[in-house]
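Here the structure is laid out as structure tokens; the discussion comes afterwards.
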Amino acid sequence: MSGAAPYAVEARELSKRFGSFTAVDRVSFNLDKGSIFGLLGANGAGKSTIIRMLCGLLRSSAGTARVAGYDINTEPEQIKRNIGYMSQRFSLYLDLTVAENIRFFGGIYGLSKQLITSRLSWVVEMAGLRGREDELTGRLAGGWRQRLALGCAILHRPQIVFLDEPTAGVDPLSRRDFWELINRLAEEGTTVLVTTHYLDEAEYANRILLIHAGRIVAEGSPGELKEGLPQAGPIPPSLEDVFIRLIEKQAGGTGS
Amino acid sequence: MSGRIIPILKKEFRQIARDKRSLAVLSFQPLFLLVMFGYAISLDVRHISLAIYDGEKSAQSRRLADEFGHSEYFDLKFDLASTQEIDGLMSRDQIQAALVIPADFSRRLLKDNACTVQIILDGSNAVSASTALGYIEAVVQDFSARITARALLRLGNQPFQQPVDYRPRVWYNPELRSSVFLVPGLIGFIMIVTAVISTSLSIVREKEHGTMEQILVSPIRPFELIIGKTIPYVLIALGINLAVLVASYLLFGVTVQGSYLLLLMVVLLFLVSSLGLGILISTLATTQHMAFTLSTLLTILPAFILSGFVFPIRNMPPVIRVLTFLFPGRFFLAALRSIIIKGAGLSAFWQQLIGLVLFAAVTLALSTARLRRQYRGTEGQA
């Protein structure tokens, strides 16, 4: 079934209102399998709300989406088996050791003992935590914790991984290592949807969705987005210039 | 299905074992409370400090004073030279009661066949004052009855007997020790602390740390999560219960008169309703601080005041008495006392049991409904 779905994620007029406030306003997009998508926007633009709806953590007010071929409103259980989710909070148990965290998350995904053991060594290797399996997670520095959280989120080899601000509060070197991991995942065929407000990071994405005030204001590869902008000086425009220009246009256009 | 509960169980036990501080609080608090309630907060009134002013110092007045001196309820602390001293002694808490025998005590007794002694009581503790008053009345009445008897005998009658005599026999708690009465209440109190507060805190902690979100995106089902998170606290609460029972036997000689099986059943039923309340609180609270405040407000205070733990429900005004039905403590305590003190069977407290079942059903239904709503994501992120 999921193999037959043309896209990893298909959103149709997806909306979310909190009372009178519209956080996400009729958003539609398709994500190809095996690519990295960057969801860009200022704080409060609606990035996290979109991700939370796609993961089944939040119900949509209107519109729908299919994730791995399953409907977010009617088939949340099937979706949960096929996705991984990691937020900026690196939600691990700080009072458990590295290995205990991995075994716990493997357990709640219903992985067998043998599978957990083999995935454990894979995650430990990936996160660079070999030899530190019995250390308390709370003692790890941000970068290690972040890679361990990613490892725990993809233990069950999901088709699609949602990363909500995964690099917040991590040093630049760790951020680069982290993006290498994400690239490796995409090469293995995993679809990655990642939100960030570090505009330099957006260059790693194959495609970018620019969100402003709950709506998609631009979509394309980083190159395409920059091409649309006239070069004003000797320096080629950066994604930041694109971003600022688009937001200004929006603000002028709608008068808000 | 059940395979996914086990990792949660394991994790929960590990976290409890690693949180040494909470574990210490969980295990020492019950014993501390037991010793506190058993020894310090005794409701028994004995050894009332008494001062006597004997204005006559006759054989007759001496006899009355001796009556008090011989009672174990009174300690004759002061023999006063003047009634002026009473004020000072009572305000310094050296005496709780004073007896004033007038200078014309035996004279009036002979002449009018009636006389008055004055009793002065420290009413600042109303409970012990009224108990003390009861004892004093009994001593004085006993004394006057004997005078009447002697007078009648002198008049040539048959040896006089009081028309109605009584032989008191106190059932279930013959020595009227308040520890016997308080231990069942204490068990309820301790279970509320462990069950409601610990479960609500352990769930809200996960919300605060974001790990709840991580669990919610996994295929685990709400009931698996709840079972996995509550079983450890059920076991801990049962363990503490057992420890309290053993300790109250060793310290106060309180034994369970009734069936242990019934006791276990009532305790489990109460635990289920408490856990339901704990989960309900955790769905309402977003921070551990809020969860703690809510649990304290909804459990400790009603358990202490409205359950009949210390204050008898039948003495409460009707409005408050109705309120007691809103908390499971009253049902639980009545059933516990029936089993532990009276050794009663099911027929004695089936109504309490129905109350507990109703309460458990309501809290569980409400909490799973709320949890499901949050789980399905119909509510915004808190």
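The values are calculated or read from the model by the stated rules, or taken from the named source; none is laboratory data. Model, not experiment: these values are computed from the prediction. Every residue, glycine among them, receives a Cβ derived from its backbone with ideal geometry; neighbour counts consider all protein chains shown.
Flag: A:R81 does not match the condition of being in a helix (DSSP H, G or I), facing chain B (nearest Cβ under 8 Å), crowded, with 23+ Cβ neighbours inside 10 Å and charged (D, E, K, R). Among the criteria (1) within 14 Å of chain A (Cβ to nearest Cβ); (2) crowded, with 21+ Cβ neighbours inside 10 Å; (3) within 32 Å of the chain's Cα centre (by Cα), the one B:R205 does not fulfil is (2). For segment A:94-148, a residue qualifies if it is of a type in the set (V, I, T) and assigned to a helix (DSSP H, G or I), and the qualifying residues are A:V98, A:I102, A:I108, A:I116, A:T117, A:V123, A:V124, A:T137.
Scanning segment A:62-87 for residues that are of a type in the set (D, E, K, R) and free of Cβ contacts under 8 Å to residues at least 40 places away in the same chain returns A:D71, A:E75, A:E77, A:K80. With a requirement of 1 or more residues that are outside the structural domain of B:A145 (by TED's automatic domain parsing), the helices (runs of 4 or more DSSP H) lying completely within segment B:1-79 that satisfy it span B:5-18, B:20-35.
Taking the criterion of being in contact (Cβ under 8 Å) with a residue 40 or more places away in the chain and surrounded by fewer than 20 Cβ atoms within 10 Å (Cβ to Cβ), the residues of segment B:330-355 that qualify are B:K342, B:G343, B:A344, B:G345, B:L346, B:L353. Among residues of segment A:159-173 being modelled with pLDDT under 85 and among the hydrophobic types (A, V, I, L, M, F, W, C), the one that is farthest from the chain's Cα centre (by Cα) is A:V170.
Please tell me if A:F90 is farther than 17 Å from A:T191 by Cα, part of a loop (DSSP other than H, G, I, E, B) and without any contact (Cβ under 8 Å) to a residue 60 or more places away in the chain. Criteria met by A:F90.
In segment B:211-328, counting only helices (runs of 4 or more DSSP H) that sit wholly within it, the ones holding 1 or more residues that are at pLDDT 85 or above span B:211-216, B:222-252, B:260-284, B:288-295, B:318-324. Considering the conditions (1) on the phi > 0 side of the Ramachandran plot; (2) out of contact with any helix residue (DSSP H, G or I) (no Cβ under 9 Å at 6 or more places or on another chain); (3) surrounded by 14 or more Cβ atoms within 10 Å (Cβ to Cβ), B:L133 is excluded by exactly one of them, (1).
If you go through segment A:104-114 one residue at a time, do you hit one that is within 12 Å of chain B (Cβ to nearest Cβ), over 22 Å from B:H209 (Cα atoms) and of a type in the set (S, T, N, Q)? Yes, there is a match, as at least one residue in segment A:104-114 is within 12 Å of chain B (Cβ to nearest Cβ), over 22 Å from B:H209 (Cα atoms) and of a type in the set (S, T, N, Q). With respect to A:G142, determine if the residue is at positive phi, more than 13 Å from the chain's Cα centre (by Cα) and of a type in the set (G, A, S). When the stated conditions are applied, A:G142 does not pass them. Take B:F359 and decide whether it is farther than 28 Å from B:E224 by Cβ and surrounded by 19 or more Cβ atoms within 10 Å (Cβ to Cβ). The answer is no for B:F359. Kindly indicate whether B:I215 is over 29 Å from the mean Cα position of the chain (by Cα) and β-branched (V, I, T). So B:I215 passes the test. Among residues of segment A:146-160 being closer than 22 Å to A:A99 by Cα and more than 11 Å from chain B (Cβ to nearest Cβ), the one that is surrounded by the fewest Cβ atoms within 10 Å (Cβ to Cβ) is A:R157. For segment A:84-94, the set of residues classified as more than 7 Å from every other protein chain (Cβ to nearest Cβ) and surrounded by fewer than 19 Cβ atoms within 10 Å (Cβ to Cβ) consists of A:L94 only. When residues in segment A:54-78 are screened for being facing chain B (nearest Cβ under 8 Å) and outside any loop (DSSP other than H, G, I, E, B), 2 of them pass.
Within segment B:4-42, restricting attention to residues that are within 15 Å of B:V244 (Cβ to Cβ) and of a type in the set (G, A, S), which residue is modelled with the highest pLDDT? Checking each candidate, the answer is B:S27.
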